[in-house]
1. Pick from region 194-238 the residues that are among the aliphatic types (A, V, I, L, M) and surrounded by fewer than 17 Cβ atoms within 10 Å (Cβ to Cβ): which of them is nearest to Arg170 (Cα to Cα)?
2. Which condition number in (1) touching a His at 6+ places or on another chain (Cβ under 8 Å); (2) closer than 21 Å to Glu167 by Cα is the one that Thr69 fails?
3. Can you tell me which residue among Ala184, Ala180, Ala162 is closer than 25 Å to Cys79 by Cβ, within 16 Å of the chain's Cα centre (by Cα) and part of a helix (DSSP H, G or I)?
4. Within region 2-32, can you find the residues that are at pLDDT below 90, over 20 Å from Arg209 (Cβ atoms) and of a type in the set (Ser, Thr, Tyr)?
5. So Val53 passes all but one of these: (1) more than 18 Å from the chain's Cα centre (by Cα); (2) β-branched (Val, Ile, Thr); (3) under 25 Å from Pro137 (Cα atoms). Which condition number does it fail?
6. Could you grab me the full set of residues in region 156-202 that are within 20 Å of Ala216 (Cα to Cα) and among the small types (Gly, Ala, Ser)?
7. Return yes when Arg45 is within 19 Å of the chain's Cα centre (by Cα) and surrounded by fewer than 14 Cβ atoms within 10 Å (Cβ to Cβ) and no when it is not.
8. In this structure, does Arg225 turn out to be basic (Lys, Arg) and farther than 29 Å from Glu92 by Cα?
Amino acid sequence: MEEALEGGNTTPGVVKSGDSVRRPRGRRSMFAAKVLRDLNAHSYRWAPQYLGVDDEGRDVLSFIEGATTSHPSERDERCYAVMGRILRELHELTRSTELAAGGACIVHGDPGPFNVVMRDGMPVALIDWDSAHAGDPLTDVGYAGWTWCIQAVGHVPVEEQARRLREFARGYDTALPPNALIDAVERAQLHIVQVEGRNMDDLSLSEVRRAHARAAVEWAANDHRVLEENRELFRQAL
């Protein structure tokens, strides 16, 4: 019996079947499978196990019990440093490997809280590897620093956001320069504004997709405003 999985950035058609997840394959699936196989072989405990392709041509992954989060009230305060370590382990493990040819390492590409399974407020797995690619580790760091710590909605005091960004940064690398992290966060936000700004005006896309793009632009622009208005506070916290 199959059960549809919803929430977060779940790809349409993803289902739970017993103790596995079945996921439709796309153009990036072959590379994602190679990345997961390599991470599994090196005992990277934050990735699901890649179990192959089923009779319907879907990727089969181990199911990991838990839920994603959208607000700090759903998380243990220790999770931000752990999230930094999760990314650091990924980047160090894949640095200069064959799969990372053309980049410094393998980056997840979308390590927001909507792609991290949590239990008891703590991360247990980084999921949805279809955006994984060889690249610059700061793209992961900037995107995660933003999406985990900085938000215009949810009535989160900016001082708390800055403190959580500091914990995330320390978990990743205590020597990470504050300005480098802040610049990486800003690049991640502006990238979404630019890319989804083009999508929301692209009439070749469905209305549903363009509506998603409009929401993404609003989200990123509002969060960027928080960063801009409090840049010195964030810098001092780091």
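1. Ranking the candidates gives Leu233 first.
2. Here Thr69 meets the rest and fails (1).
3. That would be Ala184, the only listed residue that is closer than 25 Å to Cys79 by Cβ, within 16 Å of the chain's Cα centre (by Cα) and part of a helix (DSSP H, G or I).
4. Answer for region 2-32, where residues must be at pLDDT below 90, over 20 Å from Arg209 (Cβ atoms) and of a type in the set (Ser, Thr, Tyr): just Ser17.
5. (3)
6. Within region 156-202, Ala184, Ala188, Gly197 qualify.
7. Yes.
8. Answer is yes for this residue.
The values are calculated or read from the model by the stated rules, or taken from the named source; none is laboratory data. Just so we're clear, the structure is a prediction, and the values are computed from it rather than from any experiment. Here the Cβ is made from the backbone with ideal geometry for all residues, glycine too, and neighbour counts use every protein chain on show.
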